[in-house]
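Heads up, the thing below is written out as structure tokens.
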Amino acid sequence: MPPRLLFSDVDGTLLGADGRYAMSADELAPARRHLDLVLASSRTVLELARNQRDLGIDGPVVAENGAVMAWPSTDSLSSVGLREDIDGRAWRVAFIGMPASALRAEVQGAAQRLGTTYVDQEDVQPTLGRRCSVLLRPIPGRDFESLEALAAVLRLRGLAVASGGAWLAVTGGADKGDGVRAVRDWWLKAGREHALIAAAGDSDNDVPLLLACGRRFVIARDDGTWHPALQALPEVECINTPGIAGWRDVIRRLTGSQEQ
């Protein structure tokens with residue numbers, strides 16, 4: 001029987017704020033006999049490559065909210081994207097979204113007009129290799145409401161602004177749903193079929209991710225509630241166990257009957 005395919009958000013679903021994974025590589029290994037796991041996140045390819053290594057998984061990643069795609073480099077992918085060495089491995093990287101330099105200019109211009117101040121992830125973590133997104137958070141002592149007017153202006157200019165872990169992620173021209181479709185097309189061309197395509201997420205940037213998949217899991221927040229934008233999607237399965245423990249329930253639902 002063909003394996004199942006799970007596209008998973010990372011922060012708040014698979015990975016907790018304390019840096020702890022929902023499952024270790026050893027715990028995840030039995031499920032991998034029946035399941036391909038693709039990480040889909042606002043994180044960069046470098047960050048996701050490190051997450052893959054921690055979890056003992058391989059394969060493509062959907063980075064920067066779908067604005068960047070990356071596959072481990074093989075001969076069959078020689079015409080896809082650009083070859084880059086990332087975290088000690090060769091990858092083929094494709095840039096789908098608006099370049100970070102153009103996004104940053106839009107953010108800076110809008111912020112100056114509004115008199116809004118913020119922290120840009122590039123200024124505090126410049127080595128992450130962010131290529132097609134900009135991540136923002138409030139300056140110390142302020143909350144995310146201080147960025148609401150800026151986010152509204154950026155959306156009016158056609159950019160996407162969504163939560164990405166502890167940051168607001170700004171992208172243009174791509175979302176996680178585009179990443180899902182790119183991965184599916186690549187695997188179909190490679191002759192790998194899947195019996196089921198599912199997704200798991202917990203925040204507003206996961207709406208396109210869930211809509212692009214046939215089975216949709218919503219992970220509860222730490223307070224036991226679900227993000228209303230995800231809860232309102234059709235045919236969703238809201239996981240009652242809050243936080244990263246809920247991600248374990250997703251894996252059990254997808255593979256439990258096959259692990260016997």
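Here are the numbers for the structure shown:
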{"quantity": "Tally of residues being in a helix (DSSP H, G or I), under 21 Å from Lys176 (Cα atoms) and in contact with a Pro (Cβ under 9 Å, 6 or more places away or on another chain) across segment 2-48", "calculated": "0"}
{"quantity": "Top-ranked residue in segment 88-117 [being surrounded by fewer than 18 Cβ atoms within 10 Å (Cβ to Cβ) and in contact with a Pro (Cβ under 9 Å, 6 or more places away or on another chain); ranked as farthest from Asp58 (Cα to Cα)]", "calculated": "Thr117"}
{"quantity": "Residue count, segment 19-46 (criterion: within 16 Å of the chain's Cα centre (by Cα), surrounded by fewer than 22 Cβ atoms within 10 Å (Cβ to Cβ) and over 24 Å from Thr241 (Cα atoms))", "calculated": "1"}
{"quantity": "Any pair with Cβ under 8 angstrom, 6 or more apart, that starts in segment 247-259 at a residue that is among the acidic types (Asp, Glu) and ends at one that is modelled with pLDDT of 95 or more", "calculated": "Asp249/Ile239"}
{"quantity": "Looking only at segment 64-76, and only at residues there that are free of Cβ contacts under 8 Å to residues at least 60 places away in the same chain and touching a strand residue (DSSP E or B) at 6+ places or on another chain (Cβ under 9 Å), the one that is nearest to Cys132 (Cα to Cα)", "calculated": "Ala70"}
{"quantity": "Single unsatisfied condition, Thr117 versus (1) closer than 22 Å to Leu15 by Cβ; (2) of a type in the set (Val, Ile, Thr); (3) not assigned by TED's automatic domain parsing to the domain that holds Leu254", "calculated": "(1)"}
{"quantity": "Qualifying positions in segment 88-99 - without any contact (Cβ under 8 Å) to a residue 40 or more places away in the chain and either assigned to a loop (DSSP other than H, G, I, E, B) or over 25 Å from Asp185 (Cβ atoms) (or both)", "calculated": "Gly88, Pro99"}
{"quantity": "Only listed residue being closer than 30 Å to Gly224 by Cβ, of a type outside the set (Lys, Arg) and in contact with a helix residue (DSSP H, G or I) (Cβ under 9 Å, 6 or more places away or on another chain), chosen from Val107, Val161, Val134, Val153", "calculated": "Val161"}
{"quantity": "Identity of the residue in segment 155-175, of a type in the set (D, E, K, R) and not in a helix (DSSP H, G or I), that ends up surrounded by the most Cβ atoms within 10 Å (Cβ to Cβ)", "calculated": "Asp175"}
{"quantity": "Filter result for the condition that a residue is within 23 Å of Pro60 (Cβ to Cβ) and assigned to a helix (DSSP H, G or I), over Asp85, Asp178, Asp123", "calculated": "Asp178"}
{"quantity": "Subset of segment 126-154 [exposed (fewer than 14 other Cβ atoms within 10 Å of the Cβ) and either outside any helix (DSSP H, G or I) or outside the structural domain of Ala166 (by TED's automatic domain parsing) (or both)]", "calculated": "Ile139, Pro140, Gly141, Asp143"}
{"quantity": "Given (1) more than 18 Å from Val10 (Cα to Cα); (2) within 17 Å of the chain's Cα centre (by Cα), number of the condition Arg157 does not satisfy", "calculated": "(2)"}
{"quantity": "Matching residues, segment 188-210, being surrounded by 16 or more Cβ atoms within 10 Å (Cβ to Cβ), over 25 Å from Gln108 (Cβ atoms) and out of contact with any His (no Cβ under 7 Å at 6 or more places or on another chain)", "calculated": "His194, Ile197, Ala198, Ala199, Ala200, Gly201, Asp206, Val207, Pro208, Leu209, Leu210"}
{"quantity": "Qualifying positions in segment 64-118 - more than 23 Å from Gly173 (Cα to Cα) and among the β-branched types (Val, Ile, Thr)", "calculated": "Thr74, Ile86, Thr116, Thr117"}
{"quantity": "Subset of segment 100-120 [outside any helix (DSSP H, G or I) and among the hydrophobic types (A, V, I, L, M, F, W, C)]", "calculated": "Val119"}
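Residue by residue, here is whether (1) assigned to a loop (DSSP other than H, G, I, E, B); (2) modelled with pLDDT under 95 holds:
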{"position": "Val218", "(1), (2)": "no, no"}
{"position": "Asp222", "(1), (2)": "yes, yes"}
{"position": "Ala229", "(1), (2)": "no, yes"}
{"position": "Leu233", "(1), (2)": "yes, no"}
{"position": "Trp247", "(1), (2)": "no, no"}
{"position": "Val250", "(1), (2)": "no, no"}
{"position": "Thr255", "(1), (2)": "no, yes"}
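The values are calculated or read from the model by the stated rules, or taken from the named source; none is laboratory data. Just so it is clear, the model here is predicted, and its values are computed rather than measured. Here the Cβ is made from the backbone with ideal geometry for all residues, glycine too, and neighbour counts use every protein chain on show.
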